[in-house]
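The values are calculated or read from the model by the stated rules, or taken from the named source; none is laboratory data. For clarity, every value in this text was computed on a predicted model and none was experimentally measured. Cβ coordinates were reconstructed from backbone atoms using ideal geometry, including for glycine residues, and neighbour counts include every protein chain displayed. To get the accessible areas, we keep the full protein, side chains included, count just its heavy atoms, and leave off ligands, DNA and RNA. Shrake-Rupley method; radii C 1.70, N 1.55, O 1.52, S 1.80 Å.
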Amino acid sequence: MRQLPLPFSSETPKSEPRVATLLHEEPLPDGASLGLAAHLTSLLREPVEVELTDNAWTMVSYRRVQGRLRFRLHHMFARAHESVMRALAGFTGRNRRAHGRVIDEYVREHRELIRQATPRIEAPLSPRGRVHDLADVYAELNARHFHNQVRARIGWGRRAQGGRRRSIKMGVYFHDQKVIRIHPALDDERVPRHFVEMVVFHEMLHQIFPPRIDDEGRRCVHGSEFRAAERSFPGYHRARAWEKAHLHLLLKHRG
Ligand SMILES: [Zn+2]
């Protein structure tokens, strides 16, 4: 199955639900999916079926089932214009990169609409930890490195069950909510502030460099621009060195 995951989906942890139920800004006309199917059928000259979904994780996917192309599309595409319809059709062919860009652009334009329609059931964010104050780290970084242009909320992630970990995801950025969460294992006096800063800086960069679709049609989360910006952080090498030497501390951390 070909999929085109889009910025909504960035780095959502596996434990989080990947399907967001969204409200329509207005009811979709009856037969919207049939209309889309007819349109795509005429563009592609082959039978197409369309299912409209509320799945904000994968906005566009398709597969061939018994000689038919079966699309699953986010309902935002019910109102797509001709250029976007052509991109959807073209996405099943060879030049996925260019078509992916058009689709990506359309989703970006409609993202705000969806965000506003999303019911506000937000888990409260607590930036103040026992040791580190994330609001303070964030504000300082935003002023020093981003001209205060990053617009996000930040908080500590929830504590998981205790025990040993094999790996740890230090932070995550949720594009749709503009929320940064930092792993609670970092709220520890043995973890220096400069390391927390680098983790927060990384997550802030995700807003500046949203995921894009690469030449192979894959979603690229940490592109070359992202990596270059990350390495330009003054504390980058120091923080990496600390991580290498002390990762065991974070992995042993209990719930
Ligand atoms: Zn990242």
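Here are the numbers for the structure shown:
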{"item": "Length released on extending from A78 to R101, taking residue separation times 0.36 nm less the Cα-Cα span", "result": "6.4 nm"}
{"item": "Spin-label pair S167/F146, simplified geometry with 7 Å Cα→Cβ offset, distance in nm", "result": "2.5 nm"}
{"item": "Virtual spin-label span in nm between E230 and A38, 7 Å along Cα→Cβ", "result": "4.8 nm"}
{"item": "Residue-span extension gain [A139 to C220] - 0.36 nm each, minus C-alpha spacing", "result": "26.4 nm"}
{"item": "Label point 7 Å beyond Cα of R94 along Cβ direction - residues of region 39-80 with amide nitrogen under 19 Å", "result": "44-46"}
{"item": "Fully extended contour minus Cα-Cα distance, from H194 to L125, at 0.36 nm per residue", "result": "22.7 nm"}
{"item": "More than 21 angstrom apart: percent of Cα pairs within region 185-255", "result": "38 percent"}
{"item": "Accessible area of region 126-214 divided out per residue, in Å², using a probe of 1.4 angstrom", "result": "49 Å²"}
